[in-house]
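The values are calculated or read from the model by the stated rules, or taken from the named source; none is laboratory data. Because the structure is predicted, anything quoted here is derived from the model rather than measured. All Cβ positions, even for glycine, are placed from backbone atoms using ideal geometry, and neighbour counts span all protein chains on display.
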Amino acid sequence: MSPSRLLQRKIVDAAALVFAGAATLFGLVWLFWILWTTLQQGIGALNPALFTQMTPPPGSQGGLLNAFYGSAMMIGLAVLIGAPIGLAAGTYLAEHGRYSRLGSIVSFINDILLSAPSIVIGLFVYEMVVVTMGHFSGYAGELALAMILLPVIVRTSDEALRLVPDQMREAAFALGIPRWKVTSQILYKAALSAIVTGILLGVARIAGETAPLLFTALSNQFWTSSLNEPLANLPVVIFQYAMSPYDEWHELAWAGAFMLTIFVLGLNIAVRLIVRRRKRS
């Protein structure tokens, strides 16, 4: 290689490295700025009343107890709906539909749902459920969150099961083990950490979804454990209080944003720990 060509390659490599470093630094600056602002504004609004009192009327002090409860209820039920269906669909794609036309179609549709804007899913559930029932409800909210969670679990389960070596399947089949037992007792155990990681990432995504809940669960200023009524939830309360002219509501919005950030950050740290443990094993 000629000296001029070698010099040109070094210049291009150095320029690419500088550009990549600058892009990374640019993203990190905004990330840490957001985290610092949320921490600075939110930690000052934390107090015992935040976890013991209901969302207050304008000009009053209160907390976010009903919003925490509503969000936990809808996220938990969305996982109960989306996780089994997503795992079953991912298992079909990995074990039965890998080379079939139906499997390709299902995978393509799942990718479309995975990239669909959450507000579109919220509008769909609004038309199908809210309009049919005649009112907003927690049922509609959990269904919207489950529809957002479902394609994430399908994709991660599919990829996790595909990564299990085929030798494990062949050895189990050679011993005469039925296919359903191979899947449930061998493949699921081998891919357990990856499947759990996918579920946690899906929960981290739906935890902060606001648009679909505006069209489905809306919100509720009072405590209610009935899913057949509008249900308070953290993202919508943060949105409503942040847009209000009241300082008390602004403080609660920052406190709610801080708690939501800590929750999502904790889930991402848990995912990292699971992945690191899997690599070591």
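Could you tell me whether Gly63 is small (Gly, Ala, Ser), surrounded by 13 or more Cβ atoms within 10 Å (Cβ to Cβ) and closer than 25 Å to Leu227 by Cα? In short, yes.
Sort out which residues of the range 66-108 are aromatic (Phe, Trp, Tyr) and either assigned to a helix (DSSP H, G or I) or in contact (Cβ under 8 Å) with a residue 60 or more places away in the chain (or both), and write them in order of number. If the condition is that a residue be aromatic (Phe, Trp, Tyr) and either assigned to a helix (DSSP H, G or I) or in contact (Cβ under 8 Å) with a residue 60 or more places away in the chain (or both), then Phe68, Tyr69, Tyr92, Phe108 are the ones that fit. Quick check, is Ala194 assigned by TED's automatic domain parsing to the domain that holds Gly63, farther than 25 Å from Thr261 by Cβ, at pLDDT below 90 and not in a loop (DSSP other than H, G, I, E, B)? So Ala194 passes the test. All conditions but one from (1) surrounded by fewer than 17 Cβ atoms within 10 Å (Cβ to Cβ); (2) closer than 15 Å to Leu64 by Cα; (3) among the acidic types (Asp, Glu) apply to Glu251; the one that does not is (1). Residues of the range 222-231 include none that is closer than 25 Å to Leu87 by Cα and either under 23 Å from the mean Cα position of the chain (by Cα) or not assigned by TED's automatic domain parsing to the domain that holds Leu64 (or both). Listed by first and then second residue, the pairs with beta-carbon distance under 6 Å, at least 6 apart or on different chains, first residue in the range 206-232 and among the charged types (D, E, K, R), second surrounded by 16 or more Cβ atoms within 10 Å (Cβ to Cβ), are Glu209/Ser118.
A quick yes/no check of all residues on (1) aliphatic (A, V, I, L, M); (2) over 27 Å from the mean Cα position of the chain (by Cα):
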| position | (1), (2) |
| --- | --- |
| Leu17 | yes, yes |
| Phe26 | no, no |
| Val29 | yes, no |
| Ile34 | yes, no |
| Gln41 | no, no |
| Pro48 | no, yes |
| Met54 | yes, no |
| Pro84 | no, no |
| Ala88 | yes, no |
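Arg98 meets each of the listed conditions (1) surrounded by fewer than 17 Cβ atoms within 10 Å (Cβ to Cβ); (2) closer than 30 Å to Ser219 by Cβ apart from (2). Please find, within the range 197-227, the residue that is surrounded by the most Cβ atoms within 10 Å (Cβ to Cβ) out of those that are aliphatic (A, V, I, L, M) and in a loop (DSSP other than H, G, I, E, B). It comes out as Ala217. When residues in the range 254-273 are screened for being more than 30 Å from Ala49 (Cβ to Cβ) and either surrounded by fewer than 16 Cβ atoms within 10 Å (Cβ to Cβ) or touching a strand residue (DSSP E or B) at 6+ places or on another chain (Cβ under 7 Å) (or both), 2 of them pass.
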